[in-house]
Amino acid sequence: MPDSAPAGDGTIRLERRNAAQQTPAAARPGRGNQMFAVLSDVHANLEALRAVIHDTTRRGIQRMFFLGDIIGYGPNPREVLDFLKNFEFCLMGNHDRATLTGPPKTFNPIARRATSWTRSKIHLSGLRFQLLRPGERKRRRQYWDFLMNLKTCRKVGEMFFAHDNPLNPGDDNYVRRVGDAHAAFARHPDVRAFFIGHSHVPRIFYPGKKEKPELVEVESGHFVACHNVKSLMLQ
Ligand SMILES: [Fe+2]
C-alpha cells in the first residue's frame, strides 16, 4: 500500500515503519507508558494470540483490551480463554454468545460446526458433564461464567469499544459503509475514538471533508498517524 494522506478536517497518514520506529519514546517502559493494545476476533487461535502478546510485550504495552469473538473456529478455546481472562476487559462477540446459546440460523455450516464443537469443550449440561471429574466440572463452570458475564460494549474516557457496532452493540450488525460510521459519530458526540471488531477487515473511518466520513483501508505492518482528527472509528 503506498503512503497516503487523505485530506479532511484532520489528516490520516499511513506509513510503513520498522519496529523501533513504531514505538514512540514516550511509550517505552519507564517513560510514563500510555500505550494500550486492542485485540479482537482471535477465534481460539492460540498461536496468533501468542504472537501478538509477544509483540505487545516487546513494546512495553501493559494495558490490553479484547473486543470479542474469543472462541469459535480455532482449536484452542480453553487455552485462549485462560489467556484473555487476564486482559483489562473482554467484550462479548457473536461467536462467544453462540457458544452459550447454540449456533444461530444465520451461521454458515462451518461456523455452526465450529460452534457446536467449541460448546462441547466447555458446556455444563448433559449426562457427559455429570460424568466429568470435579476439577474438569469446575474449570468448565469458570469458562461458562466468564463468557456469561461479558458485556457488549465499554466506554473508557473518550473511547468507545464494541464487538460489532456502536449504534446497537450486540445486534451483530456490521459497520460496512461510511454512513454507518457517520451515524455512530452523530449518536456519540462525546466519543473521539471508536474501536470495533467483527468484520475481520482492518480499516479506519474518519470525518473527512464537509463532515462526510471517509474510509481508509489498512494493511498489517502499517503505522497510522492521526492529526487533528475529531473522531475516528478503527475496525
Ligand atoms: Fe469474528
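Read-outs: derived from the displayed coordinates by stated rules, not from any lab. These numbers were taken from a predicted model, which means no experiment stands behind them. In this analysis, Cβ positions are derived from the backbone assuming ideal geometry, glycine residues included, and neighbour counts consider all displayed protein chains.
Worth pointing out:
- Span from the the stretch 35-52 Cα centroid across to the the stretch 70-124 one, whole angstrom: 15 Å
- Two-site label geometry, R192 and R176: point separation in nm, points 7 Å out along Cα→Cβ: 3.2 nm
- Extension gain, V38-K85: 0.36 nm per intervening residue step, less the Cα-Cα distance, totals 15.5 nm.
- Across K155/K230; K121/K151; K121/K155; K151/K230; K85/K105, pairs whose alpha-carbon gap is larger than 25 Å: K121/K155; K151/K230; K85/K105
- Paramagnetic label reach from R128 (point 7 Å along Cα→Cβ; backbone nitrogen cut-off under 17 Å): within the stretch 85-102, residues 99-102.
- Rounded, prolate or oblate (a/c below 1.5 giving rounded, otherwise prolate when a/b exceeds b/c) for the stretch 68-161 by Cα gyration tensor: oblate
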